[in-house]
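A short worksheet on the structure shown next.
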Amino acid sequence: MLKHIPSTPGKFKMEKSPYIHNKSRWHWHSSIMKLTFWSFIFLGLIFIFFFRSPSSNPIPQDPSRRSLRTHNWGGPAWEKGVRSSARIRSRNGISVLVTGAAGFVGTHVSTALKRRGDGVLGLDNFNDYYDPSLKRARQALLDRTGVFVVEGDINDSTLLRKLFEVVPFTHVMHLAAQAGVRYAMENPSSYVHSNIAGLVSLLEACKSANPQPAIVWASSSSVYGLNSKVPFSEKDRTDQPASLYAATKKAGEEIAHTYNHIYGLSLTALRFFTVYGPWGRPDMAYFFFTRDILKGKTISIFEVANHGTVARDFTYIDDIVKGCLAALDTAEKSTGSGGKKKGPAQFRVYNLGNTSPVPVSDLVSILERLLKVDAKRNVMKLPQNGDVRFTHANISLAQRELGYKPSTDLQTGLKKFVRWYLSYYSGGKKAAG
């Protein structure tokens, strides 16, 4: 599914045709150039992560975002809470470690799993990429649902080993990541830290666990990058990322394939398409458009050349959650033990979208009607900062294999979001930014 390299040419006799000989040399040189290019990209990411001086970063950093052992964990009471949260309470239930549990998607997935009787343990580092108080409010929601969220970093290998010692998880739902396309231009090392190093850290813990869990994790529609073929299919090329975020997610898919191949880990990647809804992320357009429209601030709406529209395949959170649970329920067991592969393991990639792209200008019009406030629009050219003109998911594979059927249109979904937003930020009790 991820391999789109043309097959090796058939046999030929080099002495019969100098043209074929030259063509073969051209392909050889081309392969070397591609290998060299991607090697430089990889080395560049490593350089950024390991050697970039903190003083060169223009964004002030909370030390807790880099320290892996800032938070206390361990002890009898802590272990009791972990076991209780992860205890399965239904006949055919599963035990799931959810990373990024205090995030937008993580909160909804954790709640849905817990409510159907599955064992759920959350893990989150509560970084300050956006307002941590929103994450704490989600944590409180999870606590009321019976989900305990361990405060820690996925790069803390000691913590991960301890969690797998305390609980024999059947599944991992890996949602922890550094999100956002534009922020990568300001703080690139955070993307390598979370999306590459963090993924490897988690996979190392999973491959050494006994039993090995099946892993479902969040990739992104961003991997399609500059691909112009629509709708985007899992078989389409993903070697033209338009942002560092997209590049780290693409790297994640390749890393996942490696661990599947070598260690027998069952791995399923879900390419999310512009997820929105209650308890969402403040850095998403629908969220900060709502905030700025209510405050009377001007909002920027992007367009491409010749007044072309910018459109997104907006997907409501409840539909995404159904897709996540279906992926967990259909995930086969990993085939390794003690870090050794015993047989081929399942490897899957699915698009989870709404398959109905909507122009961003239409999104704003819907918000205007729901908020009963006219937006102050500033239409401007789409900047070259990692954003792409459109996203459009082909979900036929997920429909066929997961039974995935999104059912929420943008008007309905935004109505639910606005109701939550007005309730959460009512009376000026909480600052919306």
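Please state which one of Ile293, Ile262 is of a type in the set (Val, Ile, Thr), surrounded by fewer than 19 Cβ atoms within 10 Å (Cβ to Cβ) and either at pLDDT below 95 or outside any loop (DSSP other than H, G, I, E, B) (or both). Working first, answer last.
Values: Ile293 fails: surrounded by fewer than 19 Cβ atoms within 10 Å (Cβ to Cβ).
Step by step, each of Ile293, Ile262 is checked, and only Ile262 is of a type in the set (Val, Ile, Thr), surrounded by fewer than 19 Cβ atoms within 10 Å (Cβ to Cβ) and either at pLDDT below 95 or outside any loop (DSSP other than H, G, I, E, B) (or both).
Could you tell me whether Ala137 is in contact (Cβ under 8 Å) with a residue 24 or more places away in the chain and closer than 20 Å to Asp319 by Cα? Break it down stepwise before answering.
Details: in contact (Cβ under 8 Å) with a residue 24 or more places away in the chain: yes; closer than 20 Å to Asp319 by Cα: no.
In short, no.
Name the residue that is nearest to His261 (Cα to Cα), counting only residues in the stretch 195-234 that are of a type in the set (D, E, K, R) and in a loop (DSSP other than H, G, I, E, B).
Here is the first cut: in the stretch 195-234, the residues of a type in the set (D, E, K, R) are 204, 207, 229, 234.
Filter once more, so that each one left must be in a loop (DSSP other than H, G, I, E, B): 229, 234.
Details: Lys229: 29, Glu234: 19 Å.
Looking at the filtered set, the residue picked out is Glu234.
Can you spot a residue in the stretch 350-357 that is at pLDDT below 95 and either crowded, with 16+ Cβ neighbours inside 10 Å or touching a Pro at 6+ places or on another chain (Cβ under 8 Å) (or both)?
From the stretch 350-357, those at pLDDT below 95 are 355-357; that's our starting set.
Filter again for either crowded, with 16+ Cβ neighbours inside 10 Å or touching a Pro at 6+ places or on another chain (Cβ under 8 Å) (or both), leaving 355, 357.
Within the stretch 350-357, one or more residues are at pLDDT below 95 and either crowded, with 16+ Cβ neighbours inside 10 Å or touching a Pro at 6+ places or on another chain (Cβ under 8 Å) (or both).
Being out of contact with any Phe, Trp or Tyr (no Cβ under 8 Å at 6 or more places or on another chain) and of a type in the set (Val, Ile, Thr) is true for just one of Ile299, Ile293. Which residue is that? Steps first, answer last, please.
Numbers: Ile299 fails: out of contact with any Phe, Trp or Tyr (no Cβ under 8 Å at 6 or more places or on another chain).
Of the residues listed, the single one that is out of contact with any Phe, Trp or Tyr (no Cβ under 8 Å at 6 or more places or on another chain) and of a type in the set (Val, Ile, Thr) is Ile293.
Quick check: anything in the stretch 224-236 under 21 Å from Leu123 (Cα atoms) and at pLDDT 95 or above? So that I can check it myself, show each step before the final result.
The first filter runs over the stretch 224-236 and keeps only residues under 21 Å from Leu123 (Cα atoms), leaving none.
For the stretch 224-236, residues under 21 Å from Leu123 (Cα atoms) and at pLDDT 95 or above: absent.
Does Thr248 meet the test of being under 16 Å from Phe347 (Cβ atoms) and either at pLDDT 95 or above or open to solvent by less than 20 Å² (accessible area, probe 1.4 Å) (or both)?
Numbers: under 16 Å from Phe347 (Cβ atoms): no; either at pLDDT 95 or above or open to solvent by less than 20 Å² (accessible area, probe 1.4 Å) (or both): yes.
Spelling it out, it is not the case that Thr248 is under 16 Å from Phe347 (Cβ atoms) and either at pLDDT 95 or above or open to solvent by less than 20 Å² (accessible area, probe 1.4 Å) (or both).
Please verify whether the stretch 159-170 includes one or more residues that are more than 25 Å from Lys80 (Cα to Cα), in contact (Cβ under 8 Å) with a residue 40 or more places away in the chain and not charged (D, E, K, R). If you could, list the steps in order and put the result at the bottom.
Initially, the stretch 159-170 is screened for residues more than 25 Å from Lys80 (Cα to Cα), giving none.
No - not one qualifying residue is present in the stretch 159-170.
Checking the structure you have, find out if any residue of the stretch 312-330 is within 19 Å of Asp409 (Cα to Cα), open to solvent by 30 Å² or more (accessible area, probe 1.4 Å) and outside any strand (DSSP E or B).
yes
Can you pull out every residue in the stretch 94-121 that is surrounded by fewer than 17 Cβ atoms within 10 Å (Cβ to Cβ) and farther than 21 Å from Gly280 by Cα? Let's see the steps before the verdict.
Within the stretch 94-121, the first condition is being surrounded by fewer than 17 Cβ atoms within 10 Å (Cβ to Cβ), and the residues that meet it are 115-117.
Arg116, Gly117 - these are the residues of the stretch 94-121 that are surrounded by fewer than 17 Cβ atoms within 10 Å (Cβ to Cβ) and farther than 21 Å from Gly280 by Cα.
Name the residues in the stretch 196-217 that are of a type in the set (S, T, N, Q) and crowded, with 24+ Cβ neighbours inside 10 Å, would you?
If we filter the stretch 196-217 for residues that are of a type in the set (S, T, N, Q), which is where we start, we get 201, 208, 210, 212.
Of everything in the stretch 196-217, just one residue is of a type in the set (S, T, N, Q) and crowded, with 24+ Cβ neighbours inside 10 Å, namely Gln212.
Of the residues in the stretch 366-402, how many are open to solvent by 30 Å² or more (accessible area, probe 1.4 Å), at pLDDT 90 or above and outside any strand (DSSP E or B)?
12
The values are calculated or read from the model by the stated rules, or taken from the named source; none is laboratory data. Every value quoted in this text rests on a predicted model; they were computed, and no experiment measured them. Using ideal geometry, Cβ is built from the backbone for each residue, glycine included, and neighbour counts are taken over all protein chains shown. These accessible areas exclude ligands, DNA and RNA; they are computed on the full protein's heavy atoms, side chains included. Shrake-Rupley method; radii C 1.70, N 1.55, O 1.52, S 1.80 Å.
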